[in-house]
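Take a look at the structure set out below.
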């Protein structure tokens, strides 16, 4: 192995890693992701039919989708959807629920405070940090730009 | 028709995510963040709105829709309540989803056990 | 003057210890694999009645050690040292297993190379005259390793094709100064090799250079050639690593294509069981040795084996800090006869 430099070895390995099945993954991501969105659309339409206003429909849909994602994670189904759907299962808000519930379940044996409650945000925490953080920046930028111009 | 549009828009967003996932070493957690931030930025510059008009749930259900709601909330808050509103708006508009995630997440964690993959 | 040393990294044992018994306990998925007829115990449920996967792993290791001692018609108080290790933080499975056994205990961490690390030390301790009977054991558990090194079990992520499946199982070997073999005759201790691989989903690639270094060093130190072995088997390089090793060994001037395989390739049927590149974990080399290799040697189908267990010495923290993965490989020669 003395003849091979680190760079050469890394390149050599890179060429030997089997490539993902791009087409199959994309098709399944499309179907799974699209289906979850259709499910969201159905929920939204039902809520509108009950006369809820636009804002309540949006929040209600999020809540029900999160409930669905959490439930499917709890009964051990969402990881299987994720295995097939990939990004199609990760990107919808149900995937956000999955990323929150799965570590919470896993760390239950470490207790309800330092296990469930603190590990709950292991994967989902950054979403809240960067999401909420950047929204405040956007709001302030709006004031600066609108006030200045 | 709206179902078909939602299916196509949501599906395509996920395909973009899958392409990033398969061509880089990023994990699904990274993808979630990329889409979220994209939603915040596109929402702020007004480019996400047309996508929602067209695709409805296809654009709101993906996490980028969550980002859009955050930035729209912050801007609306800034409009009506200034700087304080900019701080409050984002969370206010997404409060339902976040509170649901925390509560349902906690309950599901209490009542269910992780199972070994087969 | 160290009379037993040959070459730069190898020890030739002058009173080779005998592997007087072994035991292997595996989980249901391993028990469904190609080696299913060799294992002593196949669990129906990988929690094995315990509350957590960590407790289950400790129990699997403890029971494997007890079973190996029992198979040798001995009792734990006749064992002078226990060498064991596992993958979990602070090797807790091994500590908890050793707690019940009351055998003087050396805890080892060599990641997935721990089985040959423990056998190397156990064999040298016996050869040196410091003990007559020792037990060497390791364990790993898919579900406890998964959450420590990767994601929670219920998280919906796709596994890359280069990823490996941690073996749920434990293997234990009783070594004795007396016995009729198979014997451990040579110990080649590896040096860390790090070629800058940072992808924890491709551990095989990170460990191949260490395996190559140890195997070539073993040949140079002992004067043996690949043909002198019935089987040369690495720990858990899995399918990608196996082919890379064959290819790079050829460049080093050694053709292993006739008698080389990898434990990580043998445990699962990668296509049917969806394990991608193959198996990994401390338990991987441990159960293949305790079950398959040992039984085939007793039957006389294999007479001389070079076992080179390989370890990736990274942690979840080092991976997050973008450190590369140091690889290690320890080799032992197992002979049915001593010359």
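Brief remarks follow.
- Protection proxy ranking for A:90-103, A:49-62, C:266-279, using the average of other Cβ atoms within 10 Å per residue and placing the highest first: A:90-103, C:266-279, A:49-62.
- Alpha-carbon centroids, the stretch B:30-103 and the stretch B:1-21: separation in whole Å: 18
- Calculated [θ] (222 nm, deg cm²/dmol) that DSSP helices of n ≥ 4 give over the protein assembly as shown, each run adding -39,500 (n - 2.57): -17000 deg cm²/dmol
- Average beta-carbon neighbours from other chains, 10 Å sphere, peptide B:63-76: 6
- Eigenvalues of the alpha-carbon gyration tensor of the stretch C:5-176, scaled by 5 and square-rooted, set the equivalent ellipsoid semi-axes at 29, 18, 15 angstrom, largest first.
- The share of alpha-carbon pairs in the stretch C:284-339 lying farther apart than 16 Å comes to 56%.
- Relative pair counts by distance (%), Cα atoms of the stretch A:6-106, 5 Å bins: 2, 13, 18, 17, 13, 12, 9, 6, 4, 3, 2, 1, 0
- For the stretch C:183-335: relative contact order, % (alpha-carbon pairs under 8 angstrom, 6 or more apart): 39
- Proportion of all alpha-carbon pairs of the stretch B:2-111 beyond 23 Å (%): 38
- Among the residues of C:191-202, the average count of other protein chain beta-carbon atoms within 10 Å of the residue beta-carbon is 3.
- Peptides ranked, highest mean first, by Cβ atoms within 10 Å: ranges A:126-136, C:181-191: C:181-191, A:126-136
- Centroid-to-centroid, using Cα positions, the stretch C:1-36 and the stretch C:157-203 are 11 Å apart.
- Residue-normalised convex hull volume from the C-alpha trace of the stretch C:183-335: 107 Å³ per residue.
- Gyration tensor over the Cα atoms of chain C: the corresponding equivalent ellipsoid has semi-axes (square roots of 5 times the eigenvalues, largest first) of 27, 25, 18 Å.
- Its Cα gyration tensor gives the stretch C:78-178 an equivalent ellipsoid, and the semi-axes of that ellipsoid, as √(5λ) in whole Å with the largest first, are 31, 14, 9.
- Protection-proxy order for peptides A:138-145, C:172-179, each taking the mean of Cβ atoms within 10 Å per residue, highest first: C:172-179, A:138-145
- For chain C, averaging the sequence separation of C-alpha pairs within contact (under 8 Å, six or more residues apart) and dividing by the residue count gives a relative contact order of 25 percent.
- Relative contact order for the stretch B:2-111, counting Cα pairs under 8 Å that sit 6 or more residues apart, in percent: 23
- Highest-MSF residue in chain C out of C:108, C:298, C:35 [GNM, Cα springs under 10 Å]: C:298
- For B:18-27, mean number of other protein chain Cβ atoms within 10 Å: 6
- When the convex hull of its Cα atoms is viewed from all sides, the protein assembly as shown shows a mean projected area of 30.1 nm².
Computed from the coordinates by the stated procedures, all read-outs in this text should not be read as laboratory data. Because the structure is a prediction, the values reported are computed rather than measured. Heads up, the Cβs are rebuilt from the backbone with ideal geometry, glycines too, and the neighbour counts pull from every protein chain shown.
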